[in-house]
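Structure, as structure tokens:
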Amino acid sequence: MSLTGKHIIVGITGGIAAYKTATLVRLLVKGGAEVQVIMTPNAKEFICPVTLSTLSGKPVISEFFTANTGQWNSHVDLGLWADAIVIAPATASTIGKMANGVADNMLVTTYLSAKAPVFVAPAMDLDMMAHPSTTRNINLLRSYGNHIIEPAEGELASHLVGKGRMEEPENIAKVLSEYFEQDKPLKGKKIMITAGPTYERIDPVRFIGNYSTGKMGYAIADEAARRGAEVLLISGPVAIRPESKEVKVIDVESAREMYEECHKHFADCDIAIMTAAVADYAPATVADKKIKREKDEIPQIELVKNPDIAASLGASKRPGQLLVGFALETNDESANALDKLQRKNLDMIVMNSLRDAGAGFGTDTNKITLFKRDTTSRSFPLKSKKEVAADILDEVALLVDTTD
Ligand code: C5P
């Protein structure tokens, strides 16, 4: 089971099955997830918060404010942090509150703020489970898109036998990991991404470079890893690192080094995305000592052409391999982008214009238009680079489907 890096909120409500949730938390943590437990006040009558904070490695949240410090527990931040919320056990009362928006505790408030998928594992006595009110509320949760993990049949705390036992923790953990698995449309794909600037050495202390920060390429690398791809990031000198531990980084400095690494790995890849701002020229020779300031002479730097990495990969592309390039333009944007698409034998080009505020180097946002080989294009509004990465990979996934 792999839940590596997933942020999971485990909500516990006041039912006897709460004792089983300790095992659930343990399983999720073992699977690689970061778990934040939120308990309703009644849940604490059934299981001790210290057990859960120890297993999750995080203080349990139960109140809107931490009693001794007055610190506000932000349900909004928690809701945004979560990749999934699982409420186990979910009592009839909490299910009713969730269904009807009765936000009188931290758990239901967080539920209402969250955008992540929600999994609900009901647990109650068989007559409560069979009551039309419960059935209606569970159906309401289904209509909101929540996933109901059906209770099992068996002996209940009341010693009656019927439907209402909370599903076993192992099965709840399995439902979550299977959910995240099918959320990985790029699983089994190898993606190579270039990012950042290149530095072309003049002497031991100077170089020719550019303002690229690598943010766009790193955002694509992280998003591709989240979607299950095996990601190799060939990065020029930047000040950032990928958020995902799954992204493998090869650091390079010059265009020549980037070229060598790309050609070493391209044959193995299904997809290559070239976001790097590669210097077009490099000094013909690199001085081995710092070039001194001469009194009357201005040094001349002779330049030689760097290889065009994207074009060279385009020339060696196998059928079925996808090659995506970027075009950062200042004028005649569409015509230039389409020309590069053809010339470099790309399957798609991502065009951004320095004329658009918020697009280009260093910003956390970008505004792009995608062009494909069939010359169809799609323009997107200004978005965060994370969202732009998701849009690009959505289109890449569509192209993968047509070549598979
Ligand atoms: O021709 P231009 O530099 O505008 O092309 C941009 C695209 O080509 C980008 O995808 C960039 O990463 C790639 N490129 C490259 N090697 C170069 C120049 C550009 O891979 N030497």
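Where a number appears in this text, it was derived from the coordinates with a stated rule and is not lab data. Fair warning: this is a prediction, and the values are worked out from it, not measured in the lab. All Cβ positions, glycine included, derive from the backbone under ideal geometry; neighbour counts span all protein chains shown.
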Determine the calculated [θ] at 222 nm for the chain from helices alone, applying -39500 (n - 2.57) to every DSSP H run no shorter than 4 residues and normalising by the residue count; nearest 500 deg cm²/dmol. -10000 deg cm²/dmol
Among Ser133, Ser158, Ser379, the residue with the largest mean-square fluctuation in a Gaussian network model of the chain built from Cα contacts under 10 Å is Ser158
By how many nm would the segment from Arg136 to Val304 lengthen if fully extended, with 0.36 nm per residue of separation less the alpha-carbon distance? 53.2 nm
Computed over the chain: longest principal axis from alpha-carbon atoms vs helix 215-226 long axis, angle to nearest 10 degrees, is 40
What translational diffusion coefficient, in µm²/s and rounded to a whole number, does the Stokes-Einstein relation yield for the stretch 197-355 at 37 °C and a viscosity of 0.692 mPa s, taking the hydrodynamic radius as the Kirkwood radius over Cα pairs? 192
Can you tally the net charge around Ala282? Count Lys and Arg as +1, Asp and Glu as -1, for every other residue whose Cβ sits under 15 Å from the Cβ of Ala282. -4
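Listing Lys30, Lys6, Lys190 from the residue with the fewest other Cβ atoms within 10 Å to the one with the most, what is the order? Walk me through the numbers on the way to the answer.
Numbers: Lys30 12, Lys6 21, Lys190 16.
So the residues, fewest neighbours to most, are Lys30, Lys190, Lys6.
Within 10 Å, count the other beta carbons around each residue, average over each peptide in 164-171, 92-99, 295-302, and list them highest first.
On the way: 164-171: 19.6, 92-99: 22.0, 295-302: 7.8.
Per-residue Cβ counts within 10 Å, averaged per peptide and sorted highest first, yield 92-99, 164-171, 295-302.
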Interchain or long-range residues, amide H under 5 Å from Leu322's placed H: Ile271, Ala272
Least to most buried among Asp270, Asp77, by other C-beta atoms within 10 Å and fewest first, runs Asp77, Asp270
Remind me, what semi-axes does the stretch 218-288 give for its equivalent ellipsoid, largest first in whole Å, using sqrt of 5 times each Cα gyration tensor eigenvalue? 25, 14, 10
What residues have an amide H closer than 5 Å to that of Val120, excluding those fewer than 5 places away on the same chain, when H is modeled at 1.01 Å from N in the peptide plane? Ile87, His147, Ile148, Ile149
Peptides 224-235, 46-57, 281-292 ordered by average Cβ neighbours within 10 Å, highest first: 224-235, 46-57, 281-292
Antiparallel content of DSSP bridges confined to the stretch 1-113, in %, to 5: 10
Against the longest principal axis of the chain, how steep is helix 255-265, in degrees 0 to 90 to the nearest 10, with axes from Cα atoms? 50
What's the percent breakdown of Cα-Cα distances in the stretch 1-93 across 5 Å bins, shortest bin first? 3, 15, 25, 26, 19, 10, 2, 0
Provide, for the stretch 22-146, the number of lysine pairs with alpha carbons under 22 Å apart, each pair being eight or more places apart or on different chains. 5
Heads up, the stretch 92-144 by the C-alpha gyration tensor (a ≥ b ≥ c square roots of eigenvalues; a/c under 1.5 rounded, else a/b over b/c prolate, else oblate) looks prolate
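Please compute the length gained on full extension between Asp332 and Trp81, using 0.36 nm multiplied by the number of residues separating them and subtracting their Cα-Cα distance. Walk me through the numbers before you get to the answer.
Working: separation 251, 0.36 × 251 = 90.36 nm, distance 4.10 nm.
Answer, rounded to one decimal: 86.3 nm.
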Estimated inter-spin distance, Glu150 and Asn42, nm [label 7 Å along Cα→Cβ]: 2.5
Hey, what do the phi angles of the stretch 181-192 turn into as Karplus ³J(HN,Hα) couplings, whole Hz, using 6.51/-1.76/1.60 and θ = phi - 60°, x for Gly and Pro? 4, 6, 7, 10, x, 9, 4, x, 9, 9, 10, 10
Karplus ³J(HN,Hα) for the stretch 125-142 (6.51 cos²θ - 1.76 cosθ + 1.60, θ = phi - 60°; Hz, whole; x = Gly/Pro) runs 6, 4, 6, 5, 5, 7, 5, x, 5, 5, 4, 5, 5, 5, 5, 5, 4, 4
Taking the chain as a Gaussian network, where each spring joins two C-alpha atoms under 10 Å apart, which residue of Val238, Val76, Val205 fluctuates the most? Val205
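Counting DSSP beta bridges in the stretch 262-404, what percent are antiparallel, to the nearest 5? Write out the running numbers ahead of the final one.
Values: 13 of 23 bridges.
Looking only at bridges with both residues in the stretch 262-404, the antiparallel portion is about 55 percent.
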How are the Cα pair distances of the chain distributed, in percent, across 10 Å bins from 0? 5, 19, 23, 18, 16, 12, 5, 2, 1, 0
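Pop the C-beta distance of Ala267 and Ser74 into the FRET formula with R0 = 56 Å and round what comes out to the nearest 0.05.
So the FRET efficiency works out to roughly 0.70.
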Pop out the ³J(HN,Hα) list for the stretch 60-75 in order, Karplus 6.51 cos²θ - 1.76 cosθ + 1.60 with θ = phi - 60°, rounded to Hz; leave Gly and Pro as x. 6, 9, 9, 10, 5, 10, 6, 3, 7, 10, x, 5, 7, 8, 7, 5
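Let's test the formula: R0 of 51 Å, r as the Cβ-Cβ distance of Glu243 and Asp296. What FRET efficiency results, to the nearest 0.05?
On the way: r = 52 Å, r/R0 = 1.02.
It comes out at approximately 0.45.
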Rounding to the nearest 10 and keeping the result within 0 to 90°, find how far the Cα-based axis of helix 333-343 lies from the longest principal axis of the chain. 80
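Say the cut-off is 26 Å between C-alpha atoms; which of Lys317/Lys340; Lys248/Lys340; Lys317/Lys367; Lys245/Lys367 go over it?
Values: Lys317/Lys340 16 Å; Lys248/Lys340 28 Å; Lys317/Lys367 28 Å; Lys245/Lys367 28 Å.
Check vs 26 Å cut-off fails for Lys248/Lys340; Lys317/Lys367; Lys245/Lys367.
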Would you mind listing how long the stretch 263-342 runs along its three principal axes, going by Cα atoms, in whole Å with the largest first? 58, 34, 16
